[in-house]
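Reviewing the structure listed below.
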DNA sequence: ATGACCTGTTTAACAGGA
């Protein structure tokens, strides 16, 4: 079972790219972030025509997340639990039923948090605390679980082209990385870290300053696996080629394969 | 050269991203 995640930076601008990726990479599940559209404008018909079911949690202009699956989607949760007043569409979760059993999947668009310090950084840390609390509840279910998406966290110095250049950024501050580790240490395995050995693998390259051409990237998109999912992890990958497509997203897809 | 982008919306500059 192949599970992929991709921040598309507007699903309207990237509708063709998503269709091409589904056709070529053939993931069983594709989590999307930064749709930047309301539910009614999500191009579900195009992906249903390719055999995918769609669960969407959209928002006008900003944020927006979705889960596409070749298998049925059940028990869909829209919005991260823990704050009923939070109106930002940054989390959707569903249970995927396959012939080999169920896998619970969450599509995450964690807040950026810049500038620091400030309200936006406070919101990021509070959101991460809520994610930790929710993740702990899900782990207690003791089932295959993949919480994947744009975490907006650079885990360590080997996950950025120049750590010094990011030292004061909300994606790399010690408090950000500590909050990420606190989630990871609940018992998650990072798919890329468990199956790739070389450092400096990136999932995002800024549109500015020729970052892609100079390979000035960062690794901020992650697939975090529960023990029951990690037991089945066979391989993972980062589909860099999409960054070279015409009018690309600044993020590329990241995926993992769970054996039966 | 301490420069250089992209998207949606309010359609001309903004906000927000990372």
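The values are calculated or read from the model by the stated rules, or taken from the named source; none is laboratory data. Computed from a prediction, not measured in an experiment: that's the story for all the values here. Virtual Cβ from ideal backbone geometry, glycine too; neighbours counted across all protein chains shown.
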Of the residues in the stretch A:1-29 that are in contact with a strand residue (DSSP E or B) (Cβ under 6 Å, 6 or more places away or on another chain) and over 23 Å from residue A:90 (Cβ atoms), the one that is farthest from DNA strand B (Cβ to nearest atom) is A:1
Assuming residue A:200 fulfils every condition listed in (1) crowded, with 19+ Cβ neighbours inside 10 Å; (2) within 16 Å of DNA strand B (Cβ to nearest atom); (3) closer than 27 Å to residue A:115 by Cα apart from one, which condition is it? (1)
Given (1) at pLDDT below 95; (2) away from DNA strand B (no atom under 16 Å from the Cβ), identify the lone condition not met by residue A:76. (1)
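Against the condition touching a residue at least 24 places away in the same chain (Cβ under 8 Å), surrounded by 16 or more Cβ atoms within 10 Å (Cβ to Cβ), under 20 Å from residue A:225 (Cα atoms) and within 13 Å of DNA strand B (Cβ to nearest atom), how does residue A:32 come out, does it pass? Walk me through it before giving the result.
Details: touching a residue at least 24 places away in the same chain (Cβ under 8 Å): yes; surrounded by 16 or more Cβ atoms within 10 Å (Cβ to Cβ): yes; under 20 Å from residue A:225 (Cα atoms): yes; within 13 Å of DNA strand B (Cβ to nearest atom): yes.
Taking the combined requirement at face value, the residue satisfies it.
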